[in-house]
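The structure appears below as C-alpha cells.
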Amino acid sequence: MNAPNARCDQANATAVHDGGRSAAQRVIRNLETNVALCLRLLTRPARFTAQANVLGTVAIAVILVAAATVSMIVLDTRALDWARGEPHWFRAMFEVITRFGLSGWFLFPCGFVLLCLAAITSPQLPTVTQAALAALGARFGFVFLAIGLPGLFVSIVKRLIGRARPFVGGYEDPFHYVPFGWSPAFASMPSGHATTAVAAAIAIGAIWPRTRIVMWLYAAAIMVSRVAVVAHHPSDVIAGALVALVGTDLLRRWFAARGLVVRRSDLGAKPAPSLARIATPLRQGVSAPSRSG
C-alpha cells in the first residue's frame, strides 16, 4: 500500500527539483542575455549628435570654479570656525543627515532593480511587455551610472589631489596639500558626498521631473552637512557639485547620442511609461517563469 505512495512522492520531488533547476537556468540565461544587450547598447557607435546647447553647462561650470577659488581664499576657514562653534546637538543632527549622502543609498537599490529586471525580461514575453521593462531598466541604468561614475572619478582624483581635510595636524590651512598622498586625511577635494547628492538630484530630477524640488533640497542638506560636521571645506563641496554637473551632462549626451532615455534636443528625459503600463508587464514578467515551468 505504501509503495505506490512512495513512488508518487519521489516523482513529485523530482519534478519540483527539475522545475526549480529549469527556472534557475532561465533566470541565468536572461541575466546573461540582457547584460550583454545593455553593454552593446551603451558601447555602440553614436547614432545621433546631441543638439542641446553646451554653453549653459559651461557657464555654470565656470561659475562653480570661480566660487571654489574664492571660497578657498575667503570662506573656507570662516565657515569651519563657525561649524566648530555650534552646539553639540547641531553637529549631531548633521552627523545623521550626512550619512544619507553615501552613494550606496542609490546604487544598491538601483542595482537590485536592474538585476531583477534583467532576470525577468525574456523573449517569451509579449513585445509590449519587453519594451516597458526595457524602458524602466534604461532609466534605472542611467541613474546608476550618473551617480556611480562621477563618484568613482572623485574617489580616485581626491586622493591624487591630496588636499588636507579640515584641521589635519591640529590646525586649519585651506592650502595644505600632499599630492598623490593616497590617504583619507588628504582626500578632501572634491567631496564625494556632495558629488553623489548633486548627481542624484540632476539624474533623478531629469528622469522624474516631479522629484526635482525634493532632490535639490536633499542635495543642499548634504552639502551643508559636510561643512557642519567639519569633514570638508566649502570649496570641496563646490568642487563635488562641479564634478557631478559635468559628469551627468556628459552621460546625458552619451545616452542621447545612442537614442537612449534622453532627448537630443534638450537632454531632457523621453516620456516614460506610466505606472499602470509598468505594473502589468512586471506581473507578466514575474509570472512568466512559473507558467513556462
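Bear in mind these aren't lab numbers, they're just calculated from the coordinates by the rules spelled out. It should be emphasised that the depicted structure is a prediction, and the values quoted were computed from it without experimental measurement. FYI the Cβ positions are ideal-geometry reconstructions off the backbone, even for glycines, and counts take in every protein chain you see.
A few notes on this one:
- Protection-proxy order for peptides 54-65, 227-238, 116-127, each taking the mean of Cβ atoms within 10 Å per residue, highest first: 227-238, 116-127, 54-65
- Remark on residue 163: its backbone amide H falls under 5 Å from those of 178, 188, 189, a criterion applied only to residues 5 or more positions apart or on other chains, H modelled at 1.01 Å from N.
- Positive-end residue of 97, 107, 133, charge dipole of region 2-292 with Cβ unit charges: 133
- Cα gyration tensor category, rounded, prolate or oblate, for region 14-151 with a/c compared to 1.5: oblate
- Remark: 210, 226 ranked as 210, 226, counting other beta-carbon atoms within 10 Å and listing the fewest first.
- Between region 63-90 and region 153-177, the alpha-carbon center distance in angstrom: 15
- Over region 114-231, the pair-distance histogram of Cα-Cα distances with 10 Å bins from zero comes to 13, 30, 26, 18, 9, 4, 1 percent, rounded to whole numbers.
- Extreme residue, positive dipole direction of the chain, given options 59, 145, 200 (C-beta unit charges): 145
- Rounded to the nearest 500, the 222 nm mean residue ellipticity of the chain from helices alone is -24000 deg cm²/dmol, with -39,500 (n - 2.57) taken per DSSP H run of at least 4 residues.
- Cα Rg, Dmax, region 93-137, angstrom units: 16.0, 51
- Loop trypsin sites (Lys or Arg not before Pro), region 27-59, which have at most 14 other Cβ atoms in a 10 Å radius of their Cβ (DSSP): 47
- Over region 2-292: Kirkwood hydrodynamic radius from C-alpha pairwise inverse distances, Å: 21.7
- Loop-located chymotrypsin sites (Phe, Trp or Tyr not before Pro) in region 106-210 (DSSP state not H, G, I, E or B) with no more than 16 neighbouring Cβ atoms inside 10 Å: 167, 171, 175, 180, 182.
- Inter-centroid distance (Cα atoms) of region 234-272 relative to region 186-228, Å: 14
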